[in-house]
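These notes concern the structure reproduced below.
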Amino acid sequence: MSNTTVLTSPAVPHPAPHTARSRTTRLVTDSVTMTRRGLLYWSRNPGPLVVALLFPVMMLVMFAYFLGGGMAVAGGGDYIEFLVPGMLALTMAFGLENTMIAVTQDVNRGVLDRFRSMPIAPSAILVGRSVIDMLHSVVGLLIMIGAGLLIGWRWHGPLAAALAAVGLLLLLRFAMLWVGIYLGLVVGKPEMVQAVQILVWPVAFLSSVFVSPTTMPAWMGTIAEWNPMSATAGAVRELFENPSWAASSWVTDNAVGVAALWPLALLVIFVPLAIRRFSALSR
Amino acid sequence: MRSSDDADAITIEGLGKTYGKKEALAVVDLAIPRGTVHAVLGPNGAGKTTLVRILSTLLRPTRGQARVAGFDVVRQADDVRYRIGLLGQHAAVDEELSGRQNLDLFGRLYHLGARGAAQRANELLEQFGLADTGTKAIKKYSGGMRRRLDLAASLIMAPEILFLDEPTTGLDPRGRTDVWDSVRSLIGGGTTVLLTTQYLEEADQLADRVSVVDHGRIIADGTVDELKSSLGGDRVDVTVHEAGQLDTTADVVARAAAGPVTTDPDRRMASAPVQDRMAALSKIIRELNDAGIQAEDIALRRPTLDEVFLHLTGSEHHENNEREVTA
Ligand SMILES: Nc1ncnc2c1ncn2[C@@H]1O[C@H](COP(=O)(O)OP(=O)(O)OP(=O)(O)O)[C@@H](O)[C@H]1O
Ligand SMILES: [Mg+2]
């Protein structure tokens with residue numbers, strides 16, 4: 001080992017006076033680097049990525065063919081046409097788990113200490129996480145739309161409406177991302193994630209993803225109707241002009257608005273919470 | 001911008017940290033001159049890591065203040081961060097990525113740009129003998145390699161001030177000497193180093209001054225020599241074959257010793273502190289020969305951390321850190 005010239009190397013950089021860089025420039029540069037790190041993780045270990053992308057496809061196929069035969073859409077219409085928009089919303093919402101797992105892993109990695117001892121914009125670590133997870137979800141959404149088309153689902157409305165539907169789906173994912181970052185920071189340990197993974201299932205079924213809330217006991221139906229996942233599923237069904245559940249209520253009449261407001265409300269709550277929790281790592 | 005005394009790389013005043021009710025750091029006052037190596041020596045739970053984490057901006061102090069390179073660690077954290085390197089107690093690298101990918105990412109995060117970061121990564125891999133590790137993920141490195149890469153990562157900015165938290169704990173003797181060599185070359189380059197250790201020998205090898213900490217307080221402070229002479233320096237242990245010879249042996253040892261001789265009949269051993277190691281040793285060997293006594297073993301050793309603590313606090317401390325130089 002020849003380590004006698006560690007400090008005399010001519011190329012030794014000199015501390016860039018960071019005051020020369022605006023906070024925004026730093027945030028952007030550092031977020032790009034953190035995103036790069038996420039891409040390196042994918043390229044070194046693509047297995048979990050592929051599994052996470054294919055799991056929703058498996059669920060879609062299971063629900064469409066194993067259970068779909070016994071399902072009737074409350075308002076009439078094809079169950080697959082009803083199911084696919086719901087599954088798209090579910091996939092976006094379940095992205096929460098991926099984010100949570102990634103965050104708990106990151107906070108338990110020693111490298112976080114090094115990042116925090118460097119002159120980087122602290123929120124770049126979270127922004128990098130959200131860019132990577134959004135990329136993951138865009139790919140996941142395209143795969144699910146492809147799978148839906150393969151099993152016979154179609155959208156019937158104009159392209160602009162379909163794109164708006166995709167936008168609402170990604171908005172839901174973005175909100176769930178920050179909920180996931182916050183929960184990941186709160187639970188801290190990867191072992192604790194399992195508890196949350198189990199809890200997402202009742203939340204998923206207490207929605208209009210698989211069945212119409214009108215088929216549930218009244219109080220459950222109301223909760224299901226107000227579930228953010230249902231809001232997005234309903235709005236997406238409307239925009240794709242797919243069959244929806246029949247009963248008319250305030251939520252179903254304002255589906256698109258509710259689907260836009262729910263994620264925004266979650267973001268307003270969870271972005272500051274997540275950032276606060278993240279800076280509390282130095283306490 | 002630098003308001004504190006420019007001669008000091010680190011100044012610490014009344015620094016303390018309390019976790020809930022647990023006082024990890026009570027009150028610490030310390031000034032470390034530029035270009036020197038300061039060792040913080042203490043047992044498990046003494047507060048070493050807490051001190052390093054506060055100084056490297058990872059942790060906010062509960063009270064008091066600290067300036068590193070002239071900047072306040074809380075209010076001017078970024079100024080501090082551009083000027084320090086940190087080798088934490090546990091590896092702070094991305095285990096999933098290769099050594100090169102790690103250094104490259106860190107270089108970018110120090111805003112060296114893509115080219116600058118790649119170039120710096122190359123240099124450091126070269127200098128630390130890690131250039132041929134290819135694309136192997138760090139989780140497949142040996143402990144020594146990992147520590148070297150970690151050290152390389154903390155040197156990306158050729159920092160003015162380097163923090164090393166137990167840099168050689170868990171390394172084999174070879175890995176330990178490697179790290180010591182790297183640190184010595186840094187010292188030659190004028191870097192100020194604050195290192196924590198549980199080994200008196202490590203402080204002895206590397207540091208100009210030592211602070212002994214226990215229960216979150218500095219209980220002794222001085223040069224290594226001062227500390228050692230306050231303990232009576234090195235110790236010699238002479239073991240003989242026959243218990244009957246122990247009294248004569250003790251007399252021989254006493255004539256070369258710098259302090260009281262203790263004898264242990266069970267182990268047939270006489271021991272005492274000595275001032276000039278080699279002179280004392282040859283004197284003992286000569287006089288034992290003259291007296292016709294055959295020694296089973298003669299050992300010179302540094303005072304152990306146990307003895308430092310025994311001396312400073314009067315309480316035994318559990319870690320055993322004995323190293324023998326058999327003559
Ligand atoms: N996050 C924490 N919450 C509560 N107590 C803590 C925390 N971190 C450290 N402590 C306590 O503070 C004290 C000092 O810990 P510290 O890690 O600084 O010791 P250390 O000298 O580095 O020990 P070691 O040699 O084991 O690394 C210990 O009693 C430890 O249990
Ligand atoms: Mg420690």
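Look at segment B:157-184 and say how many of its residues are within 16 Å of ligand 1 (Cβ to nearest atom) and at the interface with chain A (Cβ under 9 Å from one of its Cβ atoms).
The qualifying residues number 1.
Do we find a residue being in a loop (DSSP other than H, G, I, E, B), of a type in the set (G, A, S), buried (at least 20 other Cβ atoms within 10 Å of the Cβ) and in contact with an Asp or Glu (Cβ under 8 Å, 6 or more places away or on another chain) anywhere in segment B:214-229?
Step one: filter segment B:214-229 for residues in a loop (DSSP other than H, G, I, E, B), giving B:215-216.
Going one step further and asking which of them are of a type in the set (G, A, S), we end up with B:216.
Of the ones still in play, those that are also buried (at least 20 other Cβ atoms within 10 Å of the Cβ) are B:216.
Next, only the ones that are in contact with an Asp or Glu (Cβ under 8 Å, 6 or more places away or on another chain) stay: B:216.
Looking for residues that are in a loop (DSSP other than H, G, I, E, B), of a type in the set (G, A, S), buried (at least 20 other Cβ atoms within 10 Å of the Cβ) and in contact with an Asp or Glu (Cβ under 8 Å, 6 or more places away or on another chain), one finds at least one in segment B:214-229, hence yes.
A quick yes/no check of all residues on (1) within 14 Å of chain A (Cβ to nearest Cβ); (2) within 27 Å of B:N44 (Cα to Cα); (3) within 16 Å of ligand 1 (Cβ to nearest atom); (4) modelled with pLDDT under 90:
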| site | (1), (2), (3), (4) |
| --- | --- |
| B:G216 | no, yes, yes, no |
| B:T249 | no, no, no, no |
| B:T262 | no, no, no, yes |
| B:R301 | no, yes, no, yes |
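With (1) within 16 Å of ligand 1 (Cβ to nearest atom); (2) over 26 Å from B:S230 (Cβ atoms); (3) out of contact with any Leu (no Cβ under 6 Å at 6 or more places or on another chain); (4) not acidic (D, E) as the list, and B:T133 as the residue in question, which single condition is left unmet?
The number of the failed condition is (1).
Test B:S154 against the criterion of being modelled with pLDDT under 90 and either more than 24 Å from A:A102 (Cα to Cα) or touching a Ser or Thr at 6+ places or on another chain (Cβ under 7 Å) (or both), and give yes or no.
Against the criterion (modelled with pLDDT under 90 and either more than 24 Å from A:A102 (Cα to Cα) or touching a Ser or Thr at 6+ places or on another chain (Cβ under 7 Å) (or both)), B:S154 does not qualify.
Which residue pairs have Cβ atoms closer than 6 Å, lie 6 or more positions apart in sequence or on different chains, and pair a first residue in segment B:162-173 that is over 9 Å from B:L194 (Cβ atoms) and of a type in the set (V, I, T) with a second residue that is more than 11 Å from ligand 2 (Cβ to nearest atom) and at pLDDT below 95?
Listed pairs, sorted by first residue: B:T168/B:R176; B:T168/B:V179.
Going by the structure shown, is A:V103 part of a helix (DSSP H, G or I) and modelled with pLDDT under 95?
Considered against the rule, which asks whether it is part of a helix (DSSP H, G or I) and modelled with pLDDT under 95, A:V103 comes out as yes.
Pick out the one residue from A:V28, A:V57 that is out of contact with any Phe, Trp or Tyr (no Cβ under 7 Å at 6 or more places or on another chain) and open to solvent by 80 Å² or more (accessible area, probe 1.4 Å). Step through it out loud before you land on a result.
Values: A:V57 fails: open to solvent by 80 Å² or more (accessible area, probe 1.4 Å).
Every option except A:V28 fails the conditions.
Look at segment B:43-81 and say how many of its residues are within 16 Å of ligand 2 (Cβ to nearest atom) and facing chain A (nearest Cβ under 9 Å).
Selection size over segment B:43-81: 4.
When you go through A:T91, A:T99 one by one, which is the residue that is within 26 Å of A:G38 (Cβ to Cβ) and either open to solvent by 10 Å² or more (accessible area, probe 1.4 Å) or among the hydrophobic types (A, V, I, L, M, F, W, C) (or both)?
Just one listed residue meets the conditions, A:T91.
Given B:D204, B:D237, which one is touching a helix residue (DSSP H, G or I) at 6+ places or on another chain (Cβ under 8 Å), of a type outside the set (A, V, I, L, M, F, W, C) and crowded, with 16+ Cβ neighbours inside 10 Å?
B:D204
Taking the residues in segment B:85-94 that are in contact with a strand residue (DSSP E or B) (Cβ under 8 Å, 6 or more places away or on another chain) and within 7 Å of chain A (Cβ to nearest Cβ) as candidates, determine which candidate is nearest to ligand 2 (Cβ to nearest atom).
Going through segment B:85-94, the residues in contact with a strand residue (DSSP E or B) (Cβ under 8 Å, 6 or more places away or on another chain) turn out to be B:85-89, B:92.
Next cut, within 7 Å of chain A (Cβ to nearest Cβ) only: B:86, B:88, B:92.
Details: B:L86: 13, B:G88: 9, B:A92: 13 Å.
Ranking the qualifying residues of segment B:85-94, first place goes to B:G88.
May I ask you to say which residue of B:R75, B:R115 is part of a helix (DSSP H, G or I), without any contact (Cβ under 8 Å) to a residue 12 or more places away in the chain and either in contact with a strand residue (DSSP E or B) (Cβ under 7 Å, 6 or more places away or on another chain) or more than 24 Å from B:L186 (Cβ to Cβ) (or both)?
Matching residue, one of B:R75, B:R115: B:R115.
Name the one entry in A:V73, A:V57 that is in a helix (DSSP H, G or I) and among the β-branched types (V, I, T).
Working: A:V73 fails: in a helix (DSSP H, G or I).
Unique residue meeting the criteria: A:V57.
Among (1) within 16 Å of ligand 2 (Cβ to nearest atom); (2) in contact with a His (Cβ under 9 Å, 6 or more places away or on another chain), there is one condition B:L171 misses while meeting the rest; what is its number?
Going through the list (1) within 16 Å of ligand 2 (Cβ to nearest atom); (2) in contact with a His (Cβ under 9 Å, 6 or more places away or on another chain), B:L171 breaks only (2).
Check A:A72 against each of (1) over 25 Å from A:R277 (Cα atoms); (2) more than 10 Å from every other protein chain (Cβ to nearest Cβ); (3) at pLDDT 90 or above and name the one condition it does not meet.
The one condition A:A72 does not meet is (3).
Every residue in segment B:256-284 that is among the β-branched types (V, I, T), open to solvent by 30 Å² or more (accessible area, probe 1.4 Å) and closer than 10 Å to B:V238 by Cα, please.
B:T263
Residue-wise test of (1) buried (at least 20 other Cβ atoms within 10 Å of the Cβ); (2) out of contact with any Asp or Glu (no Cβ under 6 Å at 6 or more places or on another chain); (3) touching a residue at least 24 places away in the same chain (Cβ under 8 Å); (4) part of a strand (DSSP E or B).
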residue	(1), (2), (3), (4)
B:L15	yes, yes, yes, yes
B:E23	no, yes, yes, yes
B:H38	yes, yes, yes, yes
B:P43	no, no, yes, no
B:I54	yes, yes, yes, no
B:P61	yes, yes, yes, no
B:A66	yes, yes, yes, yes
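Filter segment B:152-178 for residues that are under 15 Å from the mean Cα position of the chain (by Cα) and in a helix (DSSP H, G or I); which is nearest to B:G47 (Cα to Cα)?
Step by step, filter segment B:152-178, then rank; the result is B:R176.
Inside segment B:99-124, can you point out the residues that are more than 8 Å from chain A (Cβ to nearest Cβ) and surrounded by fewer than 22 Cβ atoms within 10 Å (Cβ to Cβ)?
Within segment B:99-124, B:R100, B:G113, B:A114, B:R115, B:A118, B:N122 qualify.
Got a number for residues in segment B:10-42 being away from chain A (no Cβ under 14 Å), of a type outside the set (A, V, I, L, M, F, W, C) and away from ligand 1 (no atom under 13 Å from the Cβ)?
Residues flagged as away from chain A (no Cβ under 14 Å), of a type outside the set (A, V, I, L, M, F, W, C) and away from ligand 1 (no atom under 13 Å from the Cβ) within segment B:10-42 amount to 8.
Give me the residue from segment B:185-213 that is away from ligand 1 (no atom under 16 Å from the Cβ) and in a strand (DSSP E or B) and, out of that set, farthest from B:D165 (Cα to Cα).
B:R209
The values are calculated or read from the model by the stated rules, or taken from the named source; none is laboratory data. Note that the structure is predicted; figures quoted are calculated from it, not measured. Methodologically, a virtual Cβ is constructed for each residue, glycine included, from the backbone with ideal geometry; neighbour enumeration extends over all protein chains shown. Each accessible area value is taken on the protein alone, full model and side chains, heavy atoms only, with ligands, DNA and RNA left out. Shrake-Rupley method; radii C 1.70, N 1.55, O 1.52, S 1.80 Å.
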